[in-house]
Amino acid sequence: MGFALVLVLMALRVPVAIALGLVGALGLYWVWGPASLAFVLGKAPFDAIATPSLAVVPLFVMMGVFAAHGGLSRSLFEAARALLGHRRGGLALATVGASAIFGAICGSSLATAATIGKVAMPEMRRAGYPDRLAAASVAAGGTLGVMIPPSVLFVVYGLMTEQSIGKLFAAGLLPGVVGMMLYMVAVRVATRRGSGFAPFPPMPWRDRLRTLAGVWQTLALVLLVLLGMYAGLFTPSEAAAVGAAGALFVTWLNGRLNLEVLRNGLIETVLTTAMIFAILIGAAIFNAFIDTTGLADQLIARIAALGADPLVVLLALAVLYIALGCLMDSLSMILLTIGAVFPVIRALGIDPIWFGVFLVTLAEIGMITPPVGMNLFVLQSTVPGLDLGTVSRGILPFVLADGVRLLILLALPGLATWLPTLLFG
């Protein structure tokens, strides 16, 4: 009843944080009475956000915001176009590649899709690409922002499940690269029967190298943050601070930093962080309600009684999360369910780091799945004259590519666990 009521409130456009917190509070009052409710309301909100580990959230958000203001998205797209623009579907391929690299300095799917979309959509329209392919490649490429580290979803999952954020970042790197390659295959499949998808002649290698030299700031920033963290020079929080300072420096270096940009960037950072923290507080109250009902223990007992294979459970969870992804945003989806799902995962002996990658992959699918694929709405709001139905029709090859990636993760779990084991033991 609690899960259903949250979904009903969200359908009525009640903010996610309020829906989670309100239902959790009502449930606690119903199950344990006013005294327990007062105790949880006095303790859970503070415990949910008063942790030093959460410092990475505003800092990584700030890093992505000022990277966009610093013009890094434009230079990334131009470099990717120089390498791939002459191939069939080259601009869509360049969009996917630029989204993957920008995701490594952003950590947000929505921000990646919005930022790259502003650069790539006009170029693809000018070249005659149909909106269904152009917008779908931006929306799908944007999802890589939550898989390729740093990732806000990995941070939240790690904090909620007490897992190493550094290990989660390492675990997402190879699946993120595989996802980028599969999206590029999807572009090639989508353009196999079309004409006019390669309007640019091959660029001389001298010009290509000159264009690639323009992305040195982006690569330096990414390498500074990731290599510094994996080499043990920075903790994740320190790496986020270095990244935010580096993005601010790059914006100044490119002559784009002024008082207006600084003010707008800081306001955007604060608003995004406040939204995430509010959802965390609501989820903490809702998860306290779930704990009091004993739902997780009952699920574990039922699964043990049925003798269900872990693979069957994972496939059932995949169906559940894909369905939820059609109805709500990825962060809310994870926070709504993790209190009940994670104890089951641990009881089945499934690696929690691997499951984090599996879960974020499912969240990526939800971001581009109608009717509430958040990346689709972001594109519609930022690109003039874009019809949501058109984008939805073009997204199928990319959803199928994500399905292939899920099967690869199930068949080859080492894709997600090899690098964290190598780096952290």
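A few points about this structure:
- Extension gain from residue 263 to residue 49, taking 0.36 nm per residue of separation minus the Cα-Cα distance: 74.6 nm
- Each residue of region 12-18 is assigned a 3J(HN,Hα), and the resulting list reads 7, 6, 6, x, 4, 4, 5 Hz, derived from the Karplus form 6.51 cos²θ - 1.76 cosθ + 1.60 (θ = phi - 60°), x at Gly and Pro.
- Between the Cα long axis of helix 90-103 and the first principal axis of the chain there is an angle of about 50°, rounded to the nearest 10.
- Most positive-pole-ward Cα, 186, 16, 159, against dipole of the chain from beta carbon charges: 186
- Cβ-placed point charges (K, R +1; D, E -1), dipole of region 49-150 about Cα centre in debye, nearest 20: 320
- Cα lying deepest toward the dipole's positive end in the chain, options 100, 335, 298, charges on Cβ: 100
- As an equivalent ellipsoid, region 201-281 spans semi-axes of 30, 20, 13 angstrom, where each value is the square root of five times an eigenvalue of the C-alpha gyration tensor, largest first.
- Helix 165-190 vs. the chain, principal-axis angle (Cα, 0 to 90°, nearest 10): 50
- Computed log10 I(q)/I(0) for region 26-91 at 0.22, 0.24 Å⁻¹: -0.92, -0.95, from the Debye equation with unit scatterers placed on every C-alpha and solvent omitted.
- Evaluated at q = 0.12, 0.19 Å⁻¹: base-10 log I(q)/I(0), Debye formula over Cα of region 304-401: -0.45, -0.90
- Positive minus negative residues near residue 66 (Lys, Arg vs Asp, Glu; Cβ under 11 Å): 0
- The chain: Cα Rg divided by the 2.2 N^0.38 Å rule of thumb: 0.98
- Summing +1 for each Lys or Arg and -1 for each Asp or Glu among the other residues whose beta-carbon sits under 12 angstrom from that of residue 144 gives -1.
- Cα-centre dipole for the chain with unit charges at Cβ (Lys and Arg positive, Asp and Glu negative), debye to 20: 1380
- HN-Hα J in Hz across region 221-230 - Karplus 6.51, -1.76, 1.60, θ = phi - 60°, x for Gly and Pro: 5, 4, 5, 4, 6, 6, 5, x, 6, 6
- Compared with the dominant Cα axis of the chain, that is its longest principal axis, helix 34-49 is turned about 30°.
- Note that region 129-138 has calculated 3J(HN,Hα) couplings of 6, x, 4, 5, 7, 4, 5, 5, 5, 5 Hz, one per residue in order, obtained from phi through the Karplus relation 6.51 cos²θ - 1.76 cosθ + 1.60 (θ = phi - 60°); glycine and proline are x.
All of the numbers you see were taken from the coordinates with simple rules; none came from a lab. A quick note: this is a predicted structure, and the numbers were derived from the prediction, not measured. A quick note on method: Cβ atoms are made from the backbone with ideal geometry, for glycine too, and the neighbour counts reach across all protein chains shown.
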